[in-house]
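For reference, the structure is listed below as C-alpha cells.
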Amino acid sequence: MEPDPRIAERPAPRRRSPVTFVLVSLCLVLSALVLFLAWQNRRLKTLEATASAAKLPPDALKAGDAADPFGILDESGGEAAIAFSDGGPRTLLLVFSAHCPACEKTLPIWNEILEERPPGDLRLIGIRTDREAPGAGSLFVPGLRFPVHRVKGSPPPFLSRIPFVPAAVLIDGGGRVERVWYGMPTDAQRKELQEAIAG
C-alpha cells in the first residue's frame, strides 16, 4: 500500500552532536572562570591598596600637613611658581614617574576621572619626578587632561615626604593638604577622588 501524499512525513528528530554539548559546557565553565578572575582581581587590588597604606612610613605626607610654595618647569622649559594663599584655588597634584609600571596604569585612570571638566576653583598640576631634561621620556597617554611639569631645583619638603608614586595630593587654597591617595587607585579611591575634585 502506497503512502498517502497528503500526509507529510515528519522529519526524524535531529540528535545533538556530543561536540556541541562539550562546547556549550566549556563556554559555561569559561564564563564562570572569567567572573571569578574579575572578582579576584578586584579583591587583590583592594588588598594591595590596604597593604600599601599600612606600609607608609610615619613621616609620609598626609591630610593636615602644610604644602610649601615651589617652582615648576613645563615640558618646554618654561618656569612658573606655585604658591598658596587664603582664598586661592585648590590644587590637585598628580605625582608620577615616566618609568613606573604602576604610573603607566594610573595615568589613564586619572585621565578618565578628569573627563568631566573639573570646577573652576581647582588647579591641576601633573608633577613628573624624573630628573631628565624636559621633553624626555614617554608619558604613555596621548592627550593628558592635565599639564605636566617637573619641580624646579630641589623638591619642597612636603613633596619629599611622598614615599612612592603614583600619588594624588589635594591641597586647599591656603596650602593645607586635604587628602592624599597613594598607588594605583582602587574603585573606592577613584570614587573618593572624583567626589573630592567635585568639592
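The values are calculated or read from the model by the stated rules, or taken from the named source; none is laboratory data. Owing to the predicted nature of the structure, the values given are computational and were not obtained by experimental measurement. Just so you know, the surface numbers come from the protein's heavy atoms only, side chains and all, with ligands and any DNA or RNA stripped out. Shrake-Rupley method; radii C 1.70, N 1.55, O 1.52, S 1.80 Å.
Being outside any strand (DSSP E or B) and open to solvent by 20 Å² or more (accessible area, probe 1.4 Å) is the filter; apply it to segment 163-182 and report the residue that is nearest to residue 124 (Cα to Cα). Ranking the qualifying residues of segment 163-182, first place goes to 172. Is there a residue being at pLDDT 95 or above and more than 25 Å from residue 98 (Cα to Cα) anywhere in segment 186-195? There is no residue in segment 186-195 that is at pLDDT 95 or above and more than 25 Å from residue 98 (Cα to Cα).
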